[in-house]
Amino acid sequence: MDDSQLLRYARHLMLDEIGIEGQQNIMSSRVLVVGVGGLGCPAAAYLAAAGVGQLVLVDDDQVELSNLQRQILHTTGRIGLPKVESARQALHALNAEPLIECHARRLDGPGLMELVKDADVVLDCTDNFTTRHHINRACVALKKPLVSGAAIRFDGQVAVYDLRHDDATCYACLFDPSDNLAPDNCATLGVFAPLVGIIGSMQAAEALKLLVGMPAGLEGRLLQLDVRTMQWHAMQVQKNPHCRVCASVHA
């Protein structure tokens with residue numbers, strides 16, 4: 001770590017739980033962020049600022065005017081650009097050190113598995129159940145820690161699923177893939193702008209804690225926020241022994 005890095009990350013180095021060793025772990029890590037919208041923007045910003053060595057961004061959308069109310073990495077001047085490219089420009093302006101890898105397409109199957117395989121931590125910052133289940137299956141199969149966030153209207157939630165632990169739950173334990181859930185997202189129901197900042201920042205916090213070896217405070221818990229009342233509710237999540245996705249992994 002050179003003098004510039006010692007100064008840039010000084011406030012992390014002061015923390016006993018991080019220190020030089022933990023910061024070096026952050027700087028040598030590879031984090032996959034799927035979705036660079038309302039959740040992915042603040043999550044990626046804090047990960048880049050904290051010095052994550054490699055950030056892999058996946059999103060097949062382009063920047064639109066309606067995104068700018070909440071997607072804080074994107075700007076009016078970058079409307080029409082792929083979101084991953086807009087985010088790359090913003091993140092490099094914040095911290096030029098991380099290597100930013102962009103995938104401006106929707107990934108599933110082998111492509112997704114390949115990116116998950118190389119990641120130390122995966123952040124699900126998407127807004128639809130189909131993609132969330134694809135990401136979860138890949139993380140379960142490869143035993144990669146998954147930090148999952150969601151936000152709609154005034155309600156948000158965040159959880160950590162870490163199949164490296166035998167008693168861990170997965171996303172499908174809580175949200176069965178066979179459930180016929182409505183395809184609700186912020187484009188159809190709206191979302192309160194600061195809510196995605198809160199949830200995305202929490203995703204970054206949990207990811208950084210995993211990278212430095214701190215306990216994930218949200219493993220086995222689904223933390224829900226009603227931002228109208230600023231009431232938090234934590235729900236313990238038990239693994240489903242009959243889960244269609246992770247039961248065979250635990251067996």
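Among Ala205, Ala50, Ala93, the largest mean-square fluctuation in a Gaussian network model of the chain, built with springs joining Cα atoms closer than 10 Å, belongs to Ala93. Please say if region 96-135 is rounded, prolate or oblate, where rounded means a/c under 1.5 for a ≥ b ≥ c the square roots of the C-alpha gyration tensor eigenvalues, and otherwise the choice is prolate for a/b larger than b/c and oblate otherwise? Because a/c hits 1.5 or more and a/b exceeds b/c, region 96-135 counts as prolate. Rolling a 1.4 angstrom probe over the protein heavy atoms with all chains in place gives region 8-116 an accessible area of 45 Å² per residue. Judged by the ratio a/c of the largest to the smallest principal axis of the C-alpha gyration tensor, region 1-121 counts as oblate, that ratio being 1.5 or greater while a/b is no larger than b/c. Would you work out if region 99-206 is rounded, prolate or oblate? Take a ≥ b ≥ c from the square roots of the eigenvalues of the alpha-carbon gyration tensor; rounded if a/c is under 1.5, else prolate when a/b is larger than b/c, oblate otherwise. Rounded is the answer for region 99-206, as its axis ratio a/c remains below 1.5. Accessible area per residue was computed with a 1.4 Å probe on protein heavy atoms; Phe129 scores about 60 Å². For the set Lys83/Lys143; Lys143/Lys239; Lys209/Lys239; Lys83/Lys209, the pairs lying more than 20 angstrom apart at their alpha carbons are Lys83/Lys143; Lys209/Lys239; Lys83/Lys209.
Rounded to the nearest whole Å², what accessible area per residue is found for region 119-243 with the 1.4 Å probe?
Values: 5550 Å² over 125 residues.
Counting only protein heavy atoms, the per-residue value for region 119-243 is 44 Å².
Beta-bridge orientation, the chain: approximately 50 percent antiparallel, per DSSP, counting only bridges with both partners inside. Note on Leu13: accessible area is roughly 40 Å² with a 1.4 Å probe, heavy atoms of protein only. Ignoring any ligand, DNA or RNA, what whole percent of the accessible area of region 119-251 comes from carbon and sulfur when the probe is 1.4 angstrom? After summing per-atom areas, the C and S share lands at 53 percent.
By the helix-only formula, in which each DSSP H run with n ≥ 4 contributes -39500 (n - 2.57) and the sum is divided by residues, the chain has a 222 nm mean residue ellipticity of -11000 deg cm²/dmol. Hey, in the GNM for the chain with a 10 angstrom Cα cutoff, which one of Leu39, Leu15, Leu94 fluctuates hardest? Maximum among the listed residues: Leu15.
Residue by residue, region 129-141 carries 3J(HN,Hα) couplings of 5, 4, 5, 4, 5, 4, 5, 4, 4, 5, 5, 5, 4 Hz when phi is fed to the Karplus relation 6.51 cos²θ - 1.76 cosθ + 1.60 (θ = phi - 60°); x denotes Gly or Pro.
Among Met202, Met230, Met27, the residue with the largest mean-square fluctuation in a Gaussian network model of the chain, with springs joining Cα atoms closer than 10 Å, is Met230. In whole angstrom, note down how far apart the Cα centers of region 1-43 and region 75-140 are. So the separation of the two Cα centres works out to 18 Å. For region 1-118, DSSP calls about 10 percent of its internal beta bridges antiparallel.
Taking the alpha carbon gyration tensor of region 43-86, multiplying each eigenvalue by 5 and rooting it gives semi-axes of 20, 12, 8 Å, largest first.
The values are calculated or read from the model by the stated rules, or taken from the named source; none is laboratory data. Source: prediction; values computed, not measured. SASA here: full protein model, heavy atoms, side chains in, ligands and nucleic acids out. Shrake-Rupley method; radii C 1.70, N 1.55, O 1.52, S 1.80 Å.
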